[in-house]
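Just below is one structure, and these are the notes that go with it.
The values are calculated or read from the model by the stated rules, or taken from the named source; none is laboratory data. Fair warning: this is a prediction, and the values are worked out from it, not measured in the lab. Because the Cβ atoms are built from the backbone with ideal geometry, glycine has one as well, and the counts that use them run over all protein chains shown. SASA here: full protein model, heavy atoms, side chains in, ligands and nucleic acids out. Shrake-Rupley method; radii C 1.70, N 1.55, O 1.52, S 1.80 Å.
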Amino acid sequence: MQPPGFWTLFGFEVEPADDDGVVVRMTAPDFLMSPFGAVHGGAIAFMFDTGLAVAVARRLDPNDRVATHNLNVSFVAFSNDPVLHCHARVVSLRTSVAIVEGEIVDASGTLIAKALGTFGVRRKTSAPQD
C-alpha cells in the first residue's frame with residue numbers, strides 16, 4: 001500500500017522494528033517548527049496518531065481499517081531537534097478496538113512525549129469474535 005501524501009509532507013518513514021511494535025521517524029520540515037524553534041506540539045500529536053495507527057494496522061489484514069477514538073498525549077520536554085522517533089506498541093487488540101501506547105524521543109534519546117490511544121478496528125475479513 002502506498003503511504004498517504006502527508007507522509008512525505010511531514011517527513012515520516014517507518015524504521016525496522018520487532019514484532020511487538022513499530023518505530024516511525026519524522027524529520028519535521030521548517031513549517032512544523034514553532035516560533036521558538038521547537039517542534040510544534042500539534043505535529044507531535046499528529047505523529048502519535050499516525051505511529052500508533054501504524055502499530056495497529058501492521059497486525060491486521062490489509063483490507064481492515066483503523067480509526068482513532070481517543071488519543072491522550074502527555075508532553076514531557078521541548079525538542080529543537082526536527083528528527084523524532086515514535087515508538088508504538090499494541091497493548092490490546094480485540095475484534096473492534098485496539099489500545100496502543102507510544103513515546104516520542106529525539107535523536108539523542110530524550111523523551112519528548114508519551115501517549116495512549118484507543119482505535120476502532122473495522123474488519124473487512126472474518127475474524128473470531130471476542
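Quick notes on this one:
- Mean projected area (nm²) of the alpha-carbon convex hull when the stretch 1-58 is viewed from all directions: 4.3
- Rolling a 1.4 Å probe across the protein heavy atoms gives the chain an accessible surface of 57 Å² per residue.
- Cα coordinate range in the stretch 1-109, projected on the principal axes (Å, largest first): 43, 29, 25
- Sites matching trypsin sites (Lys or Arg not before Pro) across the stretch 1-108 that sit in DSSP coil, with at most 11 neighbouring C-beta atoms within 10 Å: ARG94
- Acute angle (nearest 10 degrees) that the helix 41-57 long axis makes with the longest principal axis of the chain, alpha-carbon atoms: 30
- Note on PHE75 and ARG25: with the Förster distance fixed at 22 Å, the Cβ-Cβ geometry gives a FRET efficiency of about 0.70.
- Within the chain, helix-based [θ] at 222 nm, where runs of 4 or more DSSP H residues each add -39,500 (n - 2.57), nearest 500: -5500 deg cm²/dmol
- Only protein atoms count toward the accessible area here, which uses a 1.4 Å probe; on the stretch 4-52, the carbon and sulfur part of that area reaches 61 percent.
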